[in-house]
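Every number in this text was worked out from the coordinates using simple rules, so none of it is lab data. Quick caveat, the model's predicted, so the values are computed rather than measured. Reconstructed Cβ throughout: ideal geometry from the backbone, glycine too, with neighbour counts over all protein chains shown.
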Amino acid sequence: MENALYISLSRQTALRRELAVVANNVANVNTASFKRELSIYETYPQKVKGGDTLAFVIDRGTATSYAPGPIQATDSAFDLAIAGPGFFAVDNGKGTHYTRNGSFRLDHENRLVTQDNNPVLDASGKPIVAPVGTIKIDVHSDGSIKVDGEIIGVLQLVEFQNVQVLERRGNSLYETDQPPLPAENSQILQGAVEGSNVQAVKELVRLIDIQRAYDGVKLLMDKEAERQKTSIQRLSRAPTG
């Protein structure tokens, strides 16, 4: 039946999408603060003539695992990690966005920026500017930044009620319409960054499983196509008189 091919095709399409998601996870195993993506599928039952119900596979998109990645010491004064569910606020030129990637530096204007030159924002939503000649900063767990013992700003550290509605914007940035909440459960660690929460071995095993499943579906489709071809050939040779 053609229905078998349609069902198999829906499964192949979902597997192909999942393969791309897992491959992207593997590619970002060494990306600071990267959060693993998970594929979401749903069975779509549909009744056909005769009362039978067919179960198609529907790709519902992806979800993100916000499990913390390992804290990796760097000994750089401008590297900051977050212990807890919080996010830093930055301005990427399109409004306030959020990130957990605390690999920062000072730009030519002495602003604290991300590696993509996005200014890091303070508690009032303004860029943090260090005094001319600054070569080292001291960052406390509450986000306050000191240079030579004087506070020059306080990092905007926030949390969200529902992280699953955050939208990825590339380069470890997220955007949301949710109002940010005070980071009551988060602290900043200086001289470290958060690593990716992707576990390479598990993702590679999943890649193998997906490939095997894809090959299995393809084999089923090939057999069904051959069965239909054989049936048509037999019918064409059937006596008509």
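So what's the gap between the Cα centers of the range 105-123 and the range 147-193, to the nearest angstrom?
Each part's Cα centre sits 14 Å from the other's.
With a cut-off of 8 Å between alpha carbons and a minimum separation of six or more residues, what is the relative contact order of the chain in percent?
Once divided by the residue count of the chain, the mean separation gives 27 percent.
Please list, by residue number, every one of the GluC sites (Glu not before Pro) in the range 151-218 that is coil in DSSP and has at most 11 other beta-carbon atoms within 10 Å.
E184
Where the only charges are on Cβ atoms (+1 Lys, Arg; -1 Asp, Glu), what is the dipole of the range 71-194 about its Cα centre, to the nearest 20 debye?
Rounded to the nearest 20 debye, it is 200 debye.
Mind listing the Cα extents of the chain along all three principal axes, in Å, largest one first?
Extents along the principal axes: 103, 32, 29 Å.
Across 10 Å bins from the origin, how do the percents of Cα pairs in the range 71-194 run, short distances first?
Each 10 Å bin holds this share of Cα pairs: 14, 50, 32, 5, 0.
Beyond 17 Å, how much of the Cα-Cα pair distribution for the range 138-189 remains, as a whole percent?
50
For the range 55-112, which trypsin sites (Lys or Arg not before Pro) are both in a DSSP coil and crowded by at most 12 other Cβ atoms within 10 Å?
Passing sites in the range 55-112 are K94.
Which value results when the Cα radius of gyration for the range 107-153 is divided by 2.2 N^0.38 Å?
So the range 107-153 has a normalised radius of gyration of 1.08.
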